[in-house]
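The values are calculated or read from the model by the stated rules, or taken from the named source; none is laboratory data. What you see is a predicted model, and the numbers here were worked out from it, not measured in a lab. Backbone-built Cβ (ideal geometry, glycine too); neighbour counts: all protein chains shown. Please note that ligands, DNA and RNA were not included when accessible areas were found on the heavy atoms of the full protein model with its side chains. Shrake-Rupley method; radii C 1.70, N 1.55, O 1.52, S 1.80 Å.
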Amino acid sequence: MPENQEPHVTQKFVYDFTEGNKDLKDLLGGKGANLAEMTNLGLPVPPGFTITTEACKVYLDSGSEPPALRDEVSAHLDALEEKMGKKLGQADDPLLVSVRSGAKFSMPGMMDTVLNIGLSDASVAGLAAQAGDERFAWDSYRRLIQMFGKTVLGVDGDLFEEALEEAKRARNVSTDVDLDAGDLKGLVEQFKGIVSERTGRDFPQDPREQMDLAIRAVFDSWNGERAKLYRRQERIPHDLGTAVNVCSMVFGNLGPDSGTGVAFTRDPAGGQQGVYGDYLANAQGEDVVAGIRNTVPLAELETIDKKSYDQLMQIMETLENHYRDLCDIEFTIERGKLWMLQTRVGKRTAAAAFRIATQLVDQGLIDETEALRRVNGAQLAQLMFPRFDESRTGDGAVERIGRGIAASPGAAVGAAVFDSATAVARARAGEKVILVRRETNPDDLDGMIAAEGILTSRGGKTSHAAVVARGMGKTCVCGAEELQVDLRQRRMTAPGGLVVEEGDVISIDGSTGSVYRGEVPVVPSPVVEYFEGRTRPDEQADELVRAVHRIMTLADGERRLRVRANADNAEDAARARRFGAQGIGLCRTEHMFLGERRELVERLVLAETDEECEAALAALLPLQKGDFVELFEAMDGLPVTVRLLDPPLHEFLPDLTELSVRVALAEARGEADEDDQRLLRAVRRLHEQNPMLGLRGVRLGLVIPGLFTMQVRAIAEAAADRAAAGGDPRAEIMIPLVGTVQELECVREEAEKVIAEVQQARGVDLKLLIGTMIELPRAAVTAGQIAECADFFSFGTNDLTQTTWGFSRDDVEASFFTAYLEKGVFGVSPFETIDRDGVGALVRGAVEAGRAARPDLKLGVCGEHGGDPESVHFFHGIGLDYVSCSPFRIPVARLEAGRAAAMGSGEGSDSR
Ligand code: PEP
Ligand code: MG
């Protein structure tokens, strides 16, 4: 044995419910861990045991159960039988068990469950006698063969359903409940026939064999196609495996004093305390899901069975106090005796998450730091989208026609159009449209850009439509399968036959997945009204607004990271400030050269003499200065990082193809325009195959004389103006796309000369900082050298991701990222969430080298990742000073920065 290898310790694969606890979710799965917790709390849980995820992993890796498993299961089964005073499948009084899957993360309906294990030809009469109900016994046996046949033996489930339908037809009845014991006995024979015919073997009569096969089927279901797809979509790792819970059966279908239900300790939609849930008398859990009969509100249980109701209320209180959170519960009442079948910390809406977190603080159940952990940035972002006025979705003009996957949040209204070209044409004409497709592909991109929202009838959360829409921040509902989209006829048909023709107005809700015919009124989010300062978080305010205010105050108190905005104009800067920005981390100056000013840039590019060049720059200078004055005023007293021009110059010039055609046509007509010909020569000269890797960033500053110095002068003069007006400008000059310190040295030297001139002329000390972006791998790797010449680094993680992976940031998300996400190459686009192992490692290295060279170096990030929750935790962990993001994401970044500090996020931890 190699020296450092642990000696082999016998692994325990089976835990009795009395042996586990809620913190063992990795090993026992969520369901098993919580069943154990409830058992140990003394709550009425039917006895049972859990087979660990480790056993599942051994099975999945090796193709067979761990050798020790059989004996361990036998020992636990013996103990269970002892406790219950009867044996599995015992002929005169059979112990029956359920075999249920239960992974660490809930995967609803994705894996298998088999109920009533232990029933057989030998024991069905015993069950009938014990229950005093022959119909019940045969129905239970029928259900076992059906479930076992389908999930364990792989028989087509429709065959059983058809036989059941046939039996009902023969009896002229419409529901299963109307079949009597004789009918069900007949069905059992038929079902056994189906099993033998389809599998070549008889339905197993040995109860232990039934149990072992069911356990194996649950293990196998971890790798079923549905489960794999679900994990990819929910970013659940594939190697966790599932636990298996073997639990003694209790029955809610033993008559009117029995039943089954679900309950929440608070309203999962709004967070209020109260009695929330549903109850169905004389039924098993499966009947509730199947919707055969209507449930009644849980409150009615009080009149049906007061004793059980009171006990349930008591248990719910116990659970909430114990878990210190909203719990959801499944329970069964068997002849007046209440049993708890499941509990877990319940899912909730974003609004409820904020409300519940603050309510629990007020109740003294959690402290404020814990409240911060209980909410997250994704929930806050959801609360900031405009939303449909729910009260108006039920009136005659509006009707819900379907529901799909809520793929990208928001509320969008527009005319349904069924192809991209129509979307573009109608949007150009000023109409709002929703692009409806079966699924989208890269050819639909123009239409997606033009549309208010996107609706597809196929595909999940990682479909092309979903990925691209999220990237664009556009509302998207995908996979609305009940809607039949007919692209040829340009219409879609809803389940009741209702037809939406092209041009009909529809509304889609990307936060819930709902699709409506007609226009649902959109209302602004009360949370945005609060951030905008239009709603005060006082007594009169909505409870949600007060909760958000409290949580944000907590986050701001906890966080170490400062949060700045990416903003290029005074309006965005002012909004960012209202949203809590502590400065501007990136002002992209290229946006200041668009519109009417494009012509001045054209003049600069076309200049053939130094004089022409200087004249063009001189014309730009006052305009630039004016922009900066406004910006410094809006951010008075806070840092404003102005980036010198970054994009390739051809972006300001006409398109090469269009211009070539124009010139060629003019020449053919004998009307050649000299200006156009000159322009075309310049466009050709500047044309690059790979402009993103071409003449851009600092390279422009080194190649085009006077460009960067004009910008530096504009910044310095604007700052001097503001200072003279009594303001407190704090400008920082940022050089983009630096790859080597020599580039920075050249620009810095020139910039310092200009700043000195302005300072001298105006008699002020401007205290301007000069720093650089780190957005090339070479810059990251040589950060120690670059820091010698920089007052600050701002990580441009958009370009750094592009250049590290070699992914074109403008193309890949719409082309092959869907395939990459589906194949699990990565769980999320590296342009959305920082790739910690690659790009993140470069950033971390540059931080360490930069600080070592220059301990007072300021460090921030201004790529899109600066507003991404997961990435904010990483940036906190590696010790950046600030993150900078678009104004709308500032509250999310503030919250996550606070959570990262409260959770003590190291670089390895995540935001979940
Ligand atoms: C970046 O590359 O991360 C960045 C912020 O610059 P831009 O997106 O303008 O290239
Ligand atoms: Mg960049």
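General observations
- Residues within the stretch 630-651 that are open to solvent by less than 40 Å² (accessible area, probe 1.4 Å), assigned to a helix (DSSP H, G or I) and touching a residue at least 60 places away in the same chain (Cβ under 8 Å), tallied: 3
- Per-region count, the stretch 764-796, residues open to solvent by less than 70 Å² (accessible area, probe 1.4 Å) and either among the β-branched types (Val, Ile, Thr) or outside any helix (DSSP H, G or I) (or both): 21
- Sole residue being surrounded by 19 or more Cβ atoms within 10 Å (Cβ to Cβ), within 16 Å of ligand 1 (Cβ to nearest atom) and in a helix (DSSP H, G or I), chosen from 680, 737, 700: 700
- Residue 807 vs. criteria surrounded by fewer than 24 Cβ atoms within 10 Å (Cβ to Cβ), within 13 Å of ligand 1 (Cβ to nearest atom), assigned to a loop (DSSP other than H, G, I, E, B) and free of Cβ contacts under 8 Å to residues at least 60 places away in the same chain: yes
- Evaluation of residue 784 against (1) more than 16 Å from ligand 2 (Cβ to nearest atom); (2) modelled with pLDDT under 95; (3) more than 20 Å from the chain's Cα centre (by Cα) (one fails), failing number: (2)
- When the stretch 869-888 is limited to residues that are closer than 19 Å to residue 575 by Cα and not polar (S, T, N, Q), the one that is nearest to ligand 1 (Cβ to nearest atom) turns out to be 885.
- Test for residue 75: is it outside the structural domain of residue 338 (by TED's automatic domain parsing), among the aliphatic types (A, V, I, L, M) and open to solvent by 10 Å² or more (accessible area, probe 1.4 Å): yes
- Among residues of the stretch 676-688 that are in contact (Cβ under 8 Å) with a residue 12 or more places away in the chain, those with a Cβ under 7 angstrom from a residue that is open to solvent by 70 Å² or more (accessible area, probe 1.4 Å), sequence gap 6+ or separate chain, pair up as 676/662.
- Of all residues in the stretch 473-508, those being under 20 Å from the mean Cα position of the chain (by Cα), surrounded by 17 or more Cβ atoms within 10 Å (Cβ to Cβ) and under 19 Å from residue 423 (Cα atoms) number 6.
- Against the criterion of being part of a helix (DSSP H, G or I) and not hydroxyl-bearing (Ser, Thr, Tyr), residue 722 qualifies.
- Residues in the stretch 683-697 that are assigned to a helix (DSSP H, G or I) and within 16 Å of ligand 1 (Cβ to nearest atom) were compared, and the one that is least open to solvent (accessible area, probe 1.4 Å) is 691.
- Options 20, 29; residue that is assigned to a helix (DSSP H, G or I) and under 28 Å from residue 337 (Cβ atoms): 29
- Qualifying residue in the stretch 181-202 (condition: modelled with pLDDT under 95, surrounded by fewer than 15 Cβ atoms within 10 Å (Cβ to Cβ), assigned to a helix (DSSP H, G or I) and out of contact with any strand residue (DSSP E or B) (no Cβ under 6 Å at 6 or more places or on another chain)): no
- Any hit, the stretch 841-856, residues being touching a strand residue (DSSP E or B) at 6+ places or on another chain (Cβ under 7 Å), within 16 Å of ligand 2 (Cβ to nearest atom), closer than 23 Å to residue 746 by Cβ and at pLDDT 95 or above: yes
- Condition broken by residue 808, with the remaining ones in (1) at pLDDT 95 or above; (2) within 16 Å of ligand 2 (Cβ to nearest atom) satisfied: (1)
- Of all residues in the stretch 881-903, exactly one satisfies the criterion of being closer than 19 Å to residue 792 by Cα and surrounded by fewer than 24 Cβ atoms within 10 Å (Cβ to Cβ), namely 881.
- Residue match in the stretch 573-581 (condition: surrounded by fewer than 22 Cβ atoms within 10 Å (Cβ to Cβ) and more than 28 Å from the chain's Cα centre (by Cα)): yes
- One residue from 863, 827 being surrounded by fewer than 17 Cβ atoms within 10 Å (Cβ to Cβ), in contact with a Leu (Cβ under 8 Å, 6 or more places away or on another chain) and on the phi < 0 side of the Ramachandran plot: 827
- Residue in the stretch 804-827 that is in contact with a Phe, Trp or Tyr (Cβ under 9 Å, 6 or more places away or on another chain) and closer than 21 Å to residue 896 by Cα present: no
- Meets criteria (among the small types (Gly, Ala, Ser) and either open to solvent by 40 Å² or more (accessible area, probe 1.4 Å) or touching a helix residue (DSSP H, G or I) at 6+ places or on another chain (Cβ under 8 Å) (or both)) for residue 271: yes
- Failed item, numbered, when residue 236 is tested on (1) open to solvent by less than 20 Å² (accessible area, probe 1.4 Å); (2) outside any loop (DSSP other than H, G, I, E, B); (3) closer than 30 Å to residue 223 by Cβ: (2)
- Some residue of the stretch 628-639 being touching a helix residue (DSSP H, G or I) at 6+ places or on another chain (Cβ under 6 Å) and either basic (Lys, Arg) or within 13 Å of residue 594 (Cα to Cα) (or both): no
- In summary, helices (runs of 4 or more DSSP H) completely within the stretch 360-455 and bearing 2 or more residues that are without any contact (Cβ under 8 Å) to a residue 60 or more places away in the chain and either open to solvent by less than 50 Å² (accessible area, probe 1.4 Å) or over 30 Å from residue 553 (Cβ atoms) (or both) occur at 420-428, 445-450.
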